[in-house]
Each structure stands twice: as C-alpha cells, then as structure tokens.
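Colleague: This is the structure, below, for whatever I ask next.
The values are calculated or read from the model by the stated rules, or taken from the named source; none is laboratory data. Treat the numbers as computed from the prediction; the structure is a model and nothing was measured. Here the Cβ is made from the backbone with ideal geometry for all residues, glycine too, and neighbour counts use every protein chain on show. Side chains are part of the model used for accessible areas, which takes the heavy atoms of the whole protein and leaves out ligands, DNA and RNA. Shrake-Rupley method; radii C 1.70, N 1.55, O 1.52, S 1.80 Å.
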Amino acid sequence: MAVGGDELKLLGMFSSPFALRVKLALSFKGLSFQYVEEDLRNKSELLVVSNPVHRKVPVLIHNGLPVCESMVIVQYLDEAFPGAGAPFLPSDPYDRAVARFWASYIDEKLFSAWVALFAAKTEEEKAEGTKQTLAAAETLEGALRECSKGNPFFGGDAVGYVDVALGGFAAWVHAFDEVHGLRQFDAARTPLLAAWLARFGELDSAKAVMPDVGRLVERGKMMQAQAAAAASTAATAAAKTS
Amino acid sequence: MAAKEDLQLLGLAVSPFAIRVRIALNLKGVSYENLEQNLMDKSELLLKSNPVHKKVPVLIHGGKPICESLVILQYVDEVWTAAPSILPAEPYNRAVARFWAGFVDDKLFPSMVGILKATTEEERAAKVSETLAAMGKLEEAFAERASGKPFFGGDSIGYVDLALGSTLIWLEAVRRMFGVAFIDAGETPLLAAWAERFREAEAANGELPDADIAVEFGRTLQARWAAASAAAN
C-alpha cells in the first residue's frame, strides 16, 4: 500500500534482470508503482532526462526525482520506505557489509560471465564463459551457506538484499540454461542454490513480477543468432582482407 | 580520545581503493594498524581475509574481514557514527552519492586504466576521450549537487569525495606519462578547485603519495601486461 502522496514510476524493460530486481523489491515491499516499458532502441524522453549519464534502465522516479542503478534503488527503497515491510539489508553493520559484498560479486563475476557467454563467438570463448559461470555459481553456493545459516534465503528466513540481487537473474538462469544447454545452479554441484532458485520462484511476490521464461529464451536465442551472424560477418571480412 | 580498536587495514600506499579507506578512517579519528601488502607475493593474511578476490583493501575489525572499498566506507560510516558522516542523511542524497561513487569506480577508473593498458595509439586515444568525458560528467555533477559547498559531501569530505579524491594521484600519474590533463582549470574549473581543497584537507594530505610513485607502479603494470600478452601469443 503506497503511502499517501507517494508517486512511484519505474522505467524498465521486460528482459532486464536489473529492472526485475527493482520490480521484485517493490513487490516484496507491497509498494504500488506505475511501470513504463522502454524500447531501448528508441529511448523515451523521460528515460534520457531521468538518467542522462547512462541512459539505462531501471530508473525509479519517486515524486519526480530519479534514482538510478538497481542496487542503489533497492537501498533507497529500504531507506525511503521504512514502514514498508522489513528492510532488505540487515541491521548489523558487519552483516550489511557481507550482503553488499555478495551483491557486488553477483554483478562483477556472475553477470560478467554471462556477458562473456552471450558474446562468445568461438567454441573456445563459449567454454571460457561457461567455466566462469560455473565457478561463480560455486562461489555463490558458499555465500548462500554462509549467509543463510540454514535458513531458506541469503537474508535468513526472509528475502534480503542478496536475494533481490540474485533474484533479478532468476528467470534468466532458467532461460540461459535452455539456450546454452547448461545447468548453472545444478542440484548436484550447487544444491543450496538449486533449492533457493525453486523456493524463490514460488514466492507470491516474486511470481507477481517474474517475466515469462519462454520470452527470455526467445530473446536469448535471438541474441545468440545475432552474435553468430556478427562473428561470421567478421570472419568473412577478415578472410577478404588477408 | 577514542579507545584503541582491534583494526587492521591490508592495503597499498598507491591503491586508490586503499587510500580512500585510510582517509575515511582519518576523518572518523579512528586508529588502525596499516599493513602494507605486496601484491606480487600475497600474504597468508590477505589470502585468508579476501579469498574471493585476493585484493586490497581489506579492513579487519575484531578479526572479521570487510572487503570492497565502497562496502568498507559504508561499514566505517555505520560503525563509527560520530561526525563527520561519510554518507548524507537524507535517502535521496544517499542514492545520488552512491550513484556517483559507483560512476567513479565503474566508468572513470576503468577508462583511465584503459589508457595504461592500451597497446595502440588508437585504443589509447579512445580511452583518453572516455576518461575526459567521465571527468566532464563529474564536473557537471559537482556544479549541480555541491550548491557552493567545498566538497561533494558538503562542508566536509564525503562518499563521492573519497571515491574521486583517491584517484587524483593516478589521474596525475597518467598526465605525467601521456601528457593529458584530466583536471584542468580551463575545462573542469570546479574540480580543479575541489582537488586543491581535497589534497589539503587534514584527513587526506598524509595519504596521497607523490604521483611519481604511481607512475613507477604504472610502468611496472604495463611491463607485466606486456609480458603476459607475449606469453599468451
């Protein structure tokens, strides 16, 4: 339930895991908002004006003021809406530091491994991207063990900061697995993450905002085809000049 | 006078990420043991304290390690709550501060490192443009946000000041190596004046080694990258 007088608008894109993080955060906090789907090949005036530095989604506009960068937005929601459910970040400074560390790891290592896989043009590059992805998953398995202390989530018995950070990628984990024939959060290698993925996806607040995996698979296949086309164009061009 | 804390910092004199933590601790008047690391021969303590990244800085408080410089800055602010505050009080201003500190680390610094790493003149020129563009955005940000105050953080050094100020020795080092000024009284007048104030601030001035030390370090990095690339080919 939105506090009287609070206007929340989210500029996003259906397949953006970063925009999904914010949708999840808003959903878990029970905050209502207006959603604007952006066409990133034809960015709206509002997006360009609200995020002039990066021109990226997500952007949360709260009573006309824009907040950019997904995890900055998630912390903002904790701080600006203290009454809207339990905060995502724990109260103890050390635990907060650990949560921030892992959220940062997800962006720096897991996401960049995916980018490497997406951009892979050769079998070698694909193998490297896969290796990095699986290594990141293993590290996150350890993180989950450490943070959850036997509870279902990184945040303990309720969804917390790291759950939201990783949750943005949840639908893509399924889609990616399908497009690239992987099992990133494999039940044998990373049992806690496999269980987390299933459990997170079952939460009502998550279900309410998760994108359709089928659409993501379609998009993933399209991106793969584009990368392959770009690679063969480049190879043809290289052959012509040598 | 604050009681002595069980606090160690694993850092490097020339690392902007470690510099910003040292300045933050100085701002808070907290004493700590500074343990200079050798990144070519990493200590047992570093490997144990930061097994994931094996990087500096690491702040060890009461035996518990905190890694990632911006995470450490927020930790310091949240544990030692006496003034000055590193992050502003108001949620929107905090979000803006986090945005710009992130910008320094995700855009400015990598572009600048790219100048050092570039193997062709073309690549180098591209990275120089990128770095200049990033500085231009920070100049605009200062104009918009500082409202006549001396620092991004207002009257005293704050989160963004720490993030950007700690890169000053490297911006100067790259200028000495390649002849491009990234902070310039003509192009970025507000940042030029801000940089002076930052360098002279009590909490900062003992923590900024001469840029020539960074130049030397930069040359070592370049040699290492070249060797690695030659080995790979």
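Colleague: Only one of B:Ala24, B:Ala82, B:Ala13 is touching a Leu at 6+ places or on another chain (Cβ under 6 Å) and more than 10 Å from chain A (Cβ to nearest Cβ); which?
Modeller: Criteria check complete, one pass: B:Ala24.
Colleague: Scanning for something over 17 Å from the mean Cα position of the chain (by Cα) and farther than 28 Å from B:Phe217 by Cα, does the range B:133-141 turn up at least one residue?
Modeller: yes
Colleague: Sticking with this structure for a sec: If B:Ile72 satisfies every condition in (1) open to solvent by less than 60 Å² (accessible area, probe 1.4 Å); (2) within 14 Å of chain A (Cβ to nearest Cβ); (3) over 30 Å from B:Gly154 (Cβ atoms) but one, which is the exception?
Modeller: All conditions pass for B:Ile72, except number (3).
Colleague: Considering the range B:91-103 alone, what residues qualify as being more than 9 Å from every other protein chain (Cβ to nearest Cβ) and surrounded by fewer than 18 Cβ atoms within 10 Å (Cβ to Cβ)?
Modeller: B:Asn93
Colleague: Looking only at the range B:211-223, decide whether some residue is modelled with pLDDT of 95 or more, outside any helix (DSSP H, G or I), more than 15 Å from the chain's Cα centre (by Cα) and surrounded by fewer than 21 Cβ atoms within 10 Å (Cβ to Cβ).
Modeller: The answer is no, given that none of the residues of the range B:211-223 is modelled with pLDDT of 95 or more, outside any helix (DSSP H, G or I), more than 15 Å from the chain's Cα centre (by Cα) and surrounded by fewer than 21 Cβ atoms within 10 Å (Cβ to Cβ).
Colleague: Here's something else I'd like to know. Residues that are among the basic types (Lys, Arg), more than 10 Å from chain A (Cβ to nearest Cβ), in contact with a Gly (Cβ under 9 Å, 6 or more places away or on another chain) and surrounded by fewer than 21 Cβ atoms within 10 Å (Cβ to Cβ): does the range B:104-124 have at least one?
Modeller: Yes.
Colleague: Test each condition in (1) open to solvent by less than 20 Å² (accessible area, probe 1.4 Å); (2) farther than 18 Å from A:Gln75 by Cβ for A:Lys43 and report the one that comes out false.
Modeller: (1)
Colleague: Open to solvent by less than 30 Å² (accessible area, probe 1.4 Å) and within 26 Å of B:Glu172 (Cβ to Cβ): which single residue out of B:Val30, B:Val21 fits that description?
Modeller: B:Val21
Colleague: Report those helices (runs of 4 or more DSSP H) wholly inside the range A:64-130 carrying at least 2 residues which are of a type in the set (S, T, N, Q).
Modeller: Because the criterion is at least 2 residues that are of a type in the set (S, T, N, Q), the helices (runs of 4 or more DSSP H) in the range A:64-130 that meet it are A:70-80.
Colleague: I'd like to check something: does the range A:147-154 contain any residue that is within 14 Å of chain B (Cβ to nearest Cβ) and under 28 Å from B:Asp105 (Cα atoms)?
Modeller: The answer is yes; a qualifying residue exists.
Colleague: Still on this structure: With respect to the numbered conditions (1) crowded, with 18+ Cβ neighbours inside 10 Å; (2) free of Cβ contacts under 8 Å to residues at least 40 places away in the same chain; (3) in contact with a Gly (Cβ under 9 Å, 6 or more places away or on another chain); (4) not basic (Lys, Arg), which one is the sole condition not fulfilled by A:Ile106?
Modeller: Among (1) crowded, with 18+ Cβ neighbours inside 10 Å; (2) free of Cβ contacts under 8 Å to residues at least 40 places away in the same chain; (3) in contact with a Gly (Cβ under 9 Å, 6 or more places away or on another chain); (4) not basic (Lys, Arg), the lone unmet condition for A:Ile106 is (2).
Colleague: Quick one: is B:Asp106 among the acidic types (Asp, Glu), assigned to a helix (DSSP H, G or I) and touching a residue at least 24 places away in the same chain (Cβ under 8 Å)?
Modeller: Judged against the criteria, B:Asp106 is not a match.
Conditions (1) open to solvent by 10 Å² or more (accessible area, probe 1.4 Å); (2) within 21 Å of B:Ala204 (Cβ to Cβ); (3) under 15 Å from the mean Cα position of the chain (by Cα), marked per residue:
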{"position": "B:Pro16", "(1), (2), (3)": "no, yes, yes"}
{"position": "B:Met40", "(1), (2), (3)": "yes, no, no"}
{"position": "B:Leu46", "(1), (2), (3)": "no, no, no"}
{"position": "B:Gly62", "(1), (2), (3)": "yes, no, no"}
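Colleague: From the list A:Ala187, A:Ala230, A:Ala143, A:Ala239, which one is loosely packed, with under 13 Cβ neighbours inside 10 Å, more than 18 Å from A:Ala116 (Cβ to Cβ) and out of contact with any Cys (no Cβ under 8 Å at 6 or more places or on another chain)?
Modeller: Being loosely packed, with under 13 Cβ neighbours inside 10 Å, more than 18 Å from A:Ala116 (Cβ to Cβ) and out of contact with any Cys (no Cβ under 8 Å at 6 or more places or on another chain) holds for just one of A:Ala187, A:Ala230, A:Ala143, A:Ala239, which is A:Ala239.
Colleague: While we're on this one: So how many residues does the range A:39-63 have that are closer than 19 Å to B:Asn93 by Cα and not in a loop (DSSP other than H, G, I, E, B)?
Modeller: Counting residues in the range A:39-63 that are closer than 19 Å to B:Asn93 by Cα and not in a loop (DSSP other than H, G, I, E, B) gives 6.
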